[in-house]
Amino acid sequence: MPTVAAPGGDGLDEAVTIGVSIHVPEPYGSRVQDARAGYGDPQARSIPTHVTLLPPTETRTGFLPAIERHLRAVAAAQRPFRMLLQGSGTFRPVSPVVFVRVEEGAQECRVLEAEVRSGPLARELAFPYHPHVTVAHGLPEPVLDRAYEDARGFRAVFEVAEFVLSRFGADSVWRPWRSYAFGPA
């Protein structure tokens, strides 16, 4: 897992894994989690339904104040936008992932991702950024095929007005930690 560090500090404090995402609101978020659980995805209940802006990234607790300042500044420069999630996609054969496509709001996600993944959160990615909502990951091919077919009928429309900084717990559960509303505070 890549590590990022904000300038300054001695780096001797506790390691923490963070991520930044747009959370999918209810009732859509639960529908995706229920589907993931139904496919036997062991991560179904440990990850809120989301569109990733910063993948899991290890840092130090001492760097969190600078990271939070950065995220507040990024959010302050954004405006709410409409997101349409619809239909299915996959990263196979490169990666065993089936997802719901971001049909509207993808460009705004790309801008946000680039802004979030700058400054104290600058890091390289293993794959080019592609906004999506994971439905199944790392499961047998027949299950991924079924998830792909099932997700074809998924549709959700909502306004995005914030993103969330989450922390990965010792129990392997991602928990929202801080949210950052768009626009000036």
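A short reminder: the numbers here are calculations on the coordinates, not readings from a lab. Everything numeric in this text was worked out from a predicted model, so none of it was measured. Cβ: placed from backbone, ideal geometry, glycine included. Neighbour counts: every protein chain shown.
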Give the shape of the range 140-182 as rounded, prolate or oblate, defined through the alpha-carbon gyration tensor: a ≥ b ≥ c are the square roots of its eigenvalues, a/c under 1.5 means rounded, and otherwise the shape is prolate if a/b is larger than b/c and oblate if not.
-> oblate
Give me the angle, in degrees from 0 to 90, between the Cα long axis of helix 141-151 and the longest principal axis of the Cα atoms of the chain, rounded to the nearest 10.
-> 90 degrees
Residue with peak Gaussian network fluctuation, the chain [Cα springs, cutoff 10 Å], from Gly119, Gly87, Gly153 | Gly153
Counting only residues 5 or more places away or on other chains, whose amide H sits under 5 Å from the amide H of Arg101 once H atoms are built in the peptide plane?
-> Gln86, Gly87, Ser88, Gly89
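In what sequence do Phe63, Phe91 fall when counting other Cβ within 10 Å, fewest first? Show your work: numbers first, answer last.
Values: Phe63 22, Phe91 15.
Placing the least packed residue first, the sequence is Phe91, Phe63.
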Quick one: among Pro27, Pro93, Pro120, which has the greatest mean-square fluctuation in a GNM of the chain with alpha-carbon springs under 10 angstrom?
-> Pro93
Between the modelled labels at Ser30 and Arg146 (7 Å from Cα along Cα→Cβ) the distance in nm is 2.3 nm
Rounded FRET efficiency, nearest 0.05, which uses the C-beta distance separating Ser118 from Ala15 and R0 of 22 Å | 0.50
Diffing the range 78-92: the Karplus 3J(HN,Hα) column from phi (6.51, -1.76, 1.60, θ = phi - 60°), in whole Hz with x for Gly and Pro, holds 9, 10, x, 9, 8, 10, 10, 9, 7, x, 10, x, 8, 9, 5
Computed over the chain: longest principal axis from alpha-carbon atoms vs helix 106-116 long axis, angle to nearest 10 degrees, is 30 degrees
List every residue whose amide H lies under 5 Å from the amide H of Ala77, counting only residues 5 or more places away in sequence or on a different chain, with H placed 1.01 Å from N in the peptide plane.
-> Gly183
Report the residues of the range 122-139 in range of a label on Gln43: point 7 Å along Cα→C-beta, backbone N strictly under 20 Å from it.
-> 123-139
Summing Lys, Arg as +1 and Asp, Glu as -1, what charge do residues with Cβ under 9 Å from the Cβ of Tyr39 carry, Tyr39 excluded?
-> 0
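Could you give the length gained on full extension between Glu162 and Gln107, defined as 0.36 nm per residue of separation minus the Cα-Cα distance, in nm?
Taking Glu162 through Gln107 to full extension adds about 18.2 nm, to one decimal.
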With a/c under 1.5 counting as rounded, go ahead and sort the range 47-122 into rounded, prolate or oblate using the C-alpha gyration tensor (a ≥ b ≥ c being the square roots of the eigenvalues; past the cut-off, prolate if a/b is larger than b/c, else oblate).
-> oblate
For n ≥ 4 DSSP H runs only, could you compute -39500 (n - 2.57) per run for the chain, divide by its residues and tell me the 222 nm figure to the nearest 500?
-> -7500 deg cm²/dmol
In degrees, nearest 10, range 0 to 90: what is the angle between the Cα axis of helix 64-76 and the longest Cα principal axis of the chain?
-> 60 degrees
